[in-house]
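Worksheet: the structure to be examined is printed underneath.
The values are calculated or read from the model by the stated rules, or taken from the named source; none is laboratory data. Values in this document were obtained by computation on a predicted structure and should not be read as measured data. Cβ: placed from backbone, ideal geometry, glycine included. Neighbour counts: every protein chain shown. Surface areas here come from the heavy atoms of the whole protein model, side chains and all, with no ligands, DNA or RNA. Shrake-Rupley method; radii C 1.70, N 1.55, O 1.52, S 1.80 Å.
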Amino acid sequence: MYDTPLYLARLDMYARFLTAVDAESHVVWHRQDGRYADEREAIDAVDRAYAATRAAFNPIDLEGTGPHKEARLLLEQLKALHRDGGENPDWKSFKAARETFVTAAKGCLEELRDE
């Protein structure tokens, strides 16, 4: 039988990170779509989203196991979405990195279940 508390902790950690990444990508989408009143409001939204994403990433980074490399690559793709004020985001690369993280996280969780 597997270590249920560890499995649930990692599941929660990966899900929190993915939720924060998705929220930050929505900020990029809303900025590109002109949904913020002005650039100051957009930058404030980016800053808040970035802080939440980094906070969700830190436990994965500190643990240094599981999908930490994939999480770091996803952060790099997320960062790239913000280049040039979010004017020309590369959604295809971001979505590919997101899917790579999800696949790696699922694999890590599956390994915990198989122990």
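Miscellaneous remarks
- Matching residues, the range 47-74, being within 16 Å of Leu6 (Cα to Cα), open to solvent by less than 50 Å² (accessible area, probe 1.4 Å) and either touching a strand residue (DSSP E or B) at 6+ places or on another chain (Cβ under 9 Å) or polar (S, T, N, Q) (or both): none
- Counted residues, the range 80-102 - those being modelled with pLDDT under 95 and out of contact with any helix residue (DSSP H, G or I) (no Cβ under 8 Å at 6 or more places or on another chain): 3
- The set of residues in the range 75-107 that are more than 27 Å from Ala42 (Cβ to Cβ) and buried (at least 18 other Cβ atoms within 10 Å of the Cβ) comprises Ala104, Ala105.
Every residue, every condition in (1) basic (Lys, Arg); (2) outside any helix (DSSP H, G or I); (3) more than 17 Å from Tyr14 (Cα to Cα), yes or no:
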residue: Arg35; (1), (2), (3): yes, yes, yes
residue: Leu62; (1), (2), (3): no, no, no
residue: Asn88; (1), (2), (3): no, yes, yes
residue: Ser93; (1), (2), (3): no, no, yes
residue: Ala97; (1), (2), (3): no, no, no
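- Put simply, of Arg31, Arg10, Arg16, Arg40 the only residue that is basic (Lys, Arg), over 28 Å from Gly64 (Cβ atoms) and either touching a helix residue (DSSP H, G or I) at 6+ places or on another chain (Cβ under 7 Å) or surrounded by 14 or more Cβ atoms within 10 Å (Cβ to Cβ) (or both) is Arg31.
- Breaking point among (1) in a helix (DSSP H, G or I); (2) touching a residue at least 40 places away in the same chain (Cβ under 8 Å), for Gly66: (1)
- Residues being among the hydrophobic types (A, V, I, L, M, F, W, C), free of Cβ contacts under 8 Å to residues at least 24 places away in the same chain and assigned to a helix (DSSP H, G or I) - total across the range 37-60: 3
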